[in-house]
Amino acid sequence: MISKEEIGKFEGELNSFSSTIRENALSELIQLMENGEIIAEQPCEEHNMHCHTFYSYNGYGYSPSYIAWWTKKHGLFASGIVDFDVLDGADEFLKSCSKLNVRGACGIETRVFISELIDKEINSPGEPGISYHMGVGFQSGDVAPEVKDFFTSLKKTASDRTREIVKKVNAFLAPVELDFERDVVPLTPAGNVTERHVCEAYSTKAEKVFTDNASRAKFWSEKLGVSSDEAGKLILNTVKLQGVIRSKTMKSGGVGYVKPKPESFPPLKQMNEFTLKCGGIPVITWLNGESAGEADPDKLLELHIKYGAAAINIIPDRNWNLPDPEMKKKRVAELHKIIEASKKKGLPIIVGTEMNAPGLKLIDDFSSDALHPYFKDFTDGAAIVFAHSLLQKKGMGYLSAWATENFRDVFDKNKFFIKAGRKLSPSAWRETEKLQ
């Protein structure tokens, strides 16, 4: 019988930056499960359809293969990966899901410019007209030839911005200065550096420059504008320290903040066209309903639908799991308002925890009073996205010509894709007769 330590070794190797090591580790784990030495938990309806991988930033260092394995091991209904500006993990994730026979979907997240809301904040605080936006249901990381230049520009724009941030912050944090290629790029498996990677690198570099706690605490106290006592606590908690570095130096008001212009990001319409060309579903992302751009749910949804959006993504935990009772009450009301508005328009609702910072939940608390009434809606959303991912290759995707011709309306279509998503699995390519 294999030991827990040996299983842990293989699971750890799933997060190696070497694709060969990851693939071999997954094969070993699958064999152990087939031999009965690893027993998966009983299937359940819980899911996480918004998991960043280490191809953008995962707070636990998880790879696409690991997330697929985690989905299988814990009997989850489905999982979905979403990375900023890249689809580097798409093929690996879908291949791993197929091997493990678990439901999965791939997505991309970026920021877009919405001209109609140029004077209003939407879901990117302090940045009027700029909105986080997604596409889900991609079949591969290889995009259609006609949109390759656009796709390449997403990553380049993000990379250029991050390099500019480092240049500005280096001058401020001297002598704790980063060499981008030497200190930051190695923290990623494919060079897609984010602000979180940069903060991790600054934290590590400070430990090398100031080797004793007292001098390091003094440095961070002066640079971050916090008390000596607070700095002393921060250096003992690198997760919190990195968060403060990011908020104090890289966000609005910080020395490294790069204020976006309308031309800094693609127009909403262009991003949706890219997603559609790749066989995906354009997806609205919603923050908390408190901004001017999100104040009227119906108006916001109608604007997005006009430009081709066909689903909505929500990160529920930040809208109900709050210590302040009054703030919680307000956020939950806004959360329920956007859910009800989305349901009325037939928009599938996708939820998840992001996993893009240490400490974030791996699974939403679907039993909470705030989420339990909508648990079935969330699971239905996961089923729809998975069914689309599976059937798009057959020309039967959620937004395909076939779907347009075969369903009376979006509600009729949703019933079919929910049923398909629940009945089918990655190994069930020839089981479409179940849908009859």
Flagged in region 182-203 as crowded, with 17+ Cβ neighbours inside 10 Å and assigned to a helix (DSSP H, G or I), in numbering order, are 183, 184, 187, 195, 196, 197, 198, 199, 200, 201, 202, 203
Among the residues of region 113-142 satisfying the criterion of being β-branched (Val, Ile, Thr) and under 13 Å from residue 262 (Cα atoms), which is surrounded by the fewest Cβ atoms within 10 Å (Cβ to Cβ)? 118
So which residues in region 365-377 are surrounded by 21 or more Cβ atoms within 10 Å (Cβ to Cβ) and either under 18 Å from residue 108 (Cβ atoms) or of a type in the set (Ser, Thr, Tyr) (or both)? 374
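How many residues does region 131-153 contain that are touching a Phe, Trp or Tyr at 6+ places or on another chain (Cβ under 6 Å) and among the β-branched types (Val, Ile, Thr)?
Looking only at region 131-153, we keep the residues that are touching a Phe, Trp or Tyr at 6+ places or on another chain (Cβ under 6 Å), and these are 143, 147, 150.
Narrowing further to those that are among the β-branched types (Val, Ile, Thr): 143, 147.
So the answer is 2.
Among 65, 16, which is surrounded by 21 or more Cβ atoms within 10 Å (Cβ to Cβ) and not assigned by TED's automatic domain parsing to the domain that holds residue 195?
Values: 16 fails: surrounded by 21 or more Cβ atoms within 10 Å (Cβ to Cβ).
Unique residue meeting the criteria: 65.
Let's see how each residue does on (1) closer than 23 Å to residue 50 by Cβ; (2) aliphatic (A, V, I, L, M); (3) over 26 Å from the mean Cα position of the chain (by Cα); (4) surrounded by 21 or more Cβ atoms within 10 Å (Cβ to Cβ):
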site	(1), (2), (3), (4)
379	yes, no, no, yes
389	yes, no, no, yes
399	yes, yes, no, no
407	no, no, yes, no
Checked against (1) buried (at least 20 other Cβ atoms within 10 Å of the Cβ); (2) within 27 Å of residue 421 (Cα to Cα), residue 256 satisfies every condition except (2)
Subset of region 113-166 (residues that are in contact with a Leu (Cβ under 7 Å, 6 or more places away or on another chain) and acidic (Asp, Glu)): 116
Would you point out which residue out of 47, 74, 52 is within 25 Å of residue 379 (Cβ to Cβ), at pLDDT 95 or above and either surrounded by fewer than 24 Cβ atoms within 10 Å (Cβ to Cβ) or among the acidic types (Asp, Glu) (or both)? 74
Just the residues that are crowded, with 24+ Cβ neighbours inside 10 Å and in contact with a Leu (Cβ under 8 Å, 6 or more places away or on another chain), please, taken from region 101-112. 102, 104, 106, 108
Determine whether region 337-345 contains at least one residue that is in a loop (DSSP other than H, G, I, E, B), under 17 Å from the mean Cα position of the chain (by Cα) and outside the structural domain of residue 193 (by TED's automatic domain parsing). no
If you go through 364, 380, the only one that is in a helix (DSSP H, G or I) and modelled with pLDDT of 95 or more is 380
Can you name every residue in region 251-269 that is farther than 24 Å from residue 117 by Cβ and hydrophobic (A, V, I, L, M, F, W, C)? 255
So, first residue under 20 Å from residue 275 (Cβ atoms) in region 68-83, second residue of a type in the set (Asp, Glu) and part of a strand (DSSP E or B), Cβ within less than 9 Å, six or more apart or across chains; the pairs are 82/109; 82/354; 83/109
Those residues of region 22-53 which are over 23 Å from residue 358 (Cβ atoms), part of a helix (DSSP H, G or I) and not charged (D, E, K, R) amount to 24, 26, 27, 29, 30, 31, 32, 33
Return a yes/no flag: does region 2-23 have any residue that is at pLDDT below 95 and of a type in the set (Val, Ile, Thr). yes
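Evaluate the following for residue 154: is it within 15 Å of residue 280 (Cβ to Cβ) and at pLDDT 95 or above?
yes
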Just the residues that are loosely packed, with under 14 Cβ neighbours inside 10 Å and assigned to a loop (DSSP other than H, G, I, E, B), please, taken from region 211-253. 211, 212, 225, 227, 236, 237, 251, 252, 253
Have a look at 232, 293 and point out the one that is assigned by TED's automatic domain parsing to the domain that holds residue 390 and either under 14 Å from residue 132 (Cα atoms) or small (Gly, Ala, Ser) (or both). 293
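The values are calculated or read from the model by the stated rules, or taken from the named source; none is laboratory data. Remember, predicted model here, so these are calculated numbers, not experimental data. Cβ: placed from backbone, ideal geometry, glycine included. Neighbour counts: every protein chain shown.
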